[in-house]
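Every number here is computed from the coordinates shown, using simple stated rules; none is lab data. Fair warning: this is a prediction, and the values are worked out from it, not measured in the lab. All Cβ positions, even for glycine, are placed from backbone atoms using ideal geometry, and neighbour counts span all protein chains on display.
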């Protein structure tokens, strides 16, 4: 197995995790915050309870109700982690990032880029997708991602600063497909959170977690139109606030793929990821609204 990457702070100099008071205080604060949020979600605020239970029942009909309730409880604790992690990572220095994020085989992306390929990186709402904002520090090309602008200009500016801190190029989601399809020139990475529910149900659908699931056509359209390589991003939560990312090749040449085959392969891989540890997927999203 490929060793997880160690972040470099300068050529030939490796930064290892060294315990320090500042870092300990940061983690203590955000883990306390996560614990308080978890108490709120578990006992005081029934956060999207019915949606979570409906999604779990439809996805795991063979599972006893007590087991599904256990997944729901662990999921809410994970949501609490996600809220705190959004801000936690903004306080970490470059040489401290291995405390929370590891990329196991970044060489796959680097080799594709060196071969002249742009990449559609198919991520999901599993684990922590916000940590992907660190990816531009590890590849020698632009990394693009979509975001949902906030109506408040001040908060929107803060959001852009947080998410773009490590070099990601952010595009408003309503402009995403149009701007990406106009892309030309050097190889780039297009990060797509590909398991989102489409705005309106289209003809594209797959069987996913025992349910008929309408899927977005955007990632596949980008891959086929620009002839991108397509890579699936697997995630493992390896500790409190800490994740390991692994990249699996779906296709080298998106243009050669038959219609809907990319999304089918993506959802097969995503289901494998979810079944491994179900509590880390976004069960509070009304994913099957149209079915």
statement: Here the percent of antiparallel bridges among DSSP beta bridges lying wholly in region 100-280, to the nearest 5, is 40
statement: In whole angstrom, largest first, the equivalent ellipsoid semi-axes that the Cα gyration tensor gives for region 114-153 are 23, 14, 11
- prompt: Can you give the direction-averaged projected area of the convex hull of the alpha-carbon atoms in region 90-157, in nm²?
  reply: 6.1
query: In which sequence would 90, 66, 192 go, from the one with the fewest C-beta neighbours within 10 Å to the one with the most?
result: 66, 90, 192
task: Among 208, 154, rank each residue by its count of other Cβ atoms within 10 Å, from fewest to most, as a rough exposure measure.
output: 154, 208
field: Residue order, fewest to most beta carbons within 10 Å, for 283, 176
entry: 176, 283
query: Please state the relative contact order of the chain as a whole percent: Cα pairs under 8 Å, 6+ residues apart?
result: 23
- line: Percent of all alpha-carbon pairs of region 210-267 at distances over 17 Å, whole number, is 46
task: Have a look at 198, 136, 64 and tell me which one the Gaussian network model of the chain (Cα, springs below 10 Å) gives the largest fluctuation.
output: 64
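Can you tell me the relative contact order of region 21-89? Whole percent, Cα pairs under 8 Å, sequence separation 6 or more.
Values: 34 pairs, mean separation 37.8, N = 69.
Relative contact order, region 21-89: 55 percent.
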- line: Among the Cα-Cα pairs of region 165-278, the proportion with separation greater than 23 Å, in percent, is 35
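Sort largest first and round to whole Å: the equivalent ellipsoid semi-axes of region 21-89, each the square root of five times a Cα gyration tensor eigenvalue. Walk me through the intermediate numbers first.
Working: eigenvalues 168, 26, 18 Å².
Whole-Å semi-axes of the equivalent ellipsoid: 29, 11, 9.
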task: Report the residue, chosen from 105, 20, 227, that carries the largest GNM mean-square fluctuation when the chain is represented by alpha-carbon nodes joined by springs under 10 Å.
output: 20
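Mean shadow of the chain, computed from the convex hull of its alpha carbons, in nm²?
Working: hull surface 66.0 nm².
Here the figure is 16.5 nm², rounded to one decimal.
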- prompt: Rg and Dmax of region 234-291, Cα atoms, in Å?
  reply: 14.2, 41
